[in-house]
Amino acid sequence: MDILHLAIFDLDGVIVDTAKYHYLAWKRLAEELGFQFTPAANERLKGVSRQRSLEILLEIGGLRKTEEERIQLAEKKNTWYVEYILQMDKSEILPGVLPFLQELKDRGIKIALGSASKNARTILDRLEITELFDVIVDGNLVSQAKPDPEVFLLGAELLGIPPRSAVVFEDAQAGIEAALRAGMKVVGVGDPSLLRNAHHVIPGFASFKVEDLLRLLEAAAPLEAHVNP
Ligand code: BG6
Ligand code: MG
């Protein structure tokens, strides 16, 4: 790749494990609607927008709701979710993330957030890391959900950096596809069997250094050809 100028981070599942709070809030909604929602089913909601998550939840419960009811249900879930995230603090930043961000900064590599969440700023504030980001693109700024590349392309554009000089860190398949469609390099964070198509997959940031990233990117095979247009 060209010289690395930008690292874009997904939030949920990469910087912090908010999936457990999303799960608790969706589960409470499911129970109120009269059905069970399991941790296994919660996997289907990772990286998916709030409205789409609700549609999947209703599908699981075999329920149909009007557009107006769906808006109210999503709002209700979000109120509970926000109650959980307001209890978070910096101890919940995933291992190794903070030193990695700091190292990028020290090397002059720009840092962006590329998240589907409309609560991203609240979470970054609770974690006390808002200031580390040169640009924050969240669910309030984009109209197309991942796997559309909008969220990542906008981050690069706002910083005036070409996509080919950017790398994305993602924990969800839809996000990996979005990064590839954006013409960026992508490092999956999590289980390699679930994160197919990423240029590389790392288990997390514990003991992962920028030097390791540069080595991986140097060796990355061009995968763009495998992506559907
Ligand atoms: C993504 C999460 O980052 O954000 C999804 O992986 C979530 O699970 C989505 O549904 C939207 O988040 P929010 O905070 O706007 O409801
Ligand atoms: Mg994620």
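Diagonalising the gyration tensor over the Cα atoms of segment 126-229 and scaling each eigenvalue by 5 before taking the square root yields semi-axes of 20, 18, 14 Å, largest first.
Longest stretch of the chain clear of exposed loop sites (trypsin sites (Lys or Arg not before Pro), DSSP loop, at most 15 other Cβ atoms within 10 Å, sites excluded): 119-195. Considering only 141, 210, 195, and ranking their Cα positions along the charge dipole of segment 116-215 that arises from unit charges at the beta-carbon of Lys, Arg, Asp and Glu, the one farthest toward the positive end is 195. Our compactness index for the chain, the C-alpha radius of gyration over the empirical 2.2 N^0.38 Å, is 1.01.
Evaluated over the Cα positions of segment 19-85, the convex hull gives a direction-averaged projected area, one quarter of its surface, of 3.9 nm².
Structure remark: mean-square fluctuation, Gaussian network model of the chain, C-alpha springs under 10 Å; the largest value among 122, 66, 130 belongs to 66. The count of lysine pairs in segment 82-219 with alpha-carbon distances below 17 Å, taking only pairs 8 or more places apart or on different chains, stands at 6. Each other residue within a Cβ distance under 14 Å of residue 196 adds +1 if Lys or Arg and -1 if Asp or Glu, for a net charge of -4.
For the chain, the longest principal axis of the alpha carbon atoms and the long axis of helix 50-61 meet at an angle near 50°.
Any idea how many Lys pairs in segment 19-85 come in under 16 angstrom at the alpha carbon, given 8 or more places apart or on separate chains?
Taking segment 19-85 as the scope, the lysine pair count is 8.
Could you pull out the chymotrypsin sites (Phe, Trp or Tyr not before Pro) across segment 76-159 that fall in loop regions by DSSP (anything but H, G, I, E, B) with no more than 14 other Cβ atoms inside 10 Å?
none
Most simply put, the chain has about 5% antiparallel DSSP beta bridges, counting only bridges with both residues inside it. About its Cα centre, the chain has a charge dipole of approximately 280 debye under the convention of +1 per Lys or Arg Cβ and -1 per Asp or Glu Cβ, with nothing else charged.
Just how large is the dipole of segment 31-140 about the Cα centre, in debye to the nearest 20, putting +1 at every Lys and Arg Cβ and -1 at every Asp and Glu Cβ?
For segment 31-140, the charge dipole is close to 280 debye.
Bear in mind that the values in this text are calculations on the coordinates, not laboratory data. Worth saying up front: this structure is predicted, and the values here are computed from it rather than measured. Neighbour counts run over all protein chains shown; Cβ positions are idealised from the backbone, glycine included.
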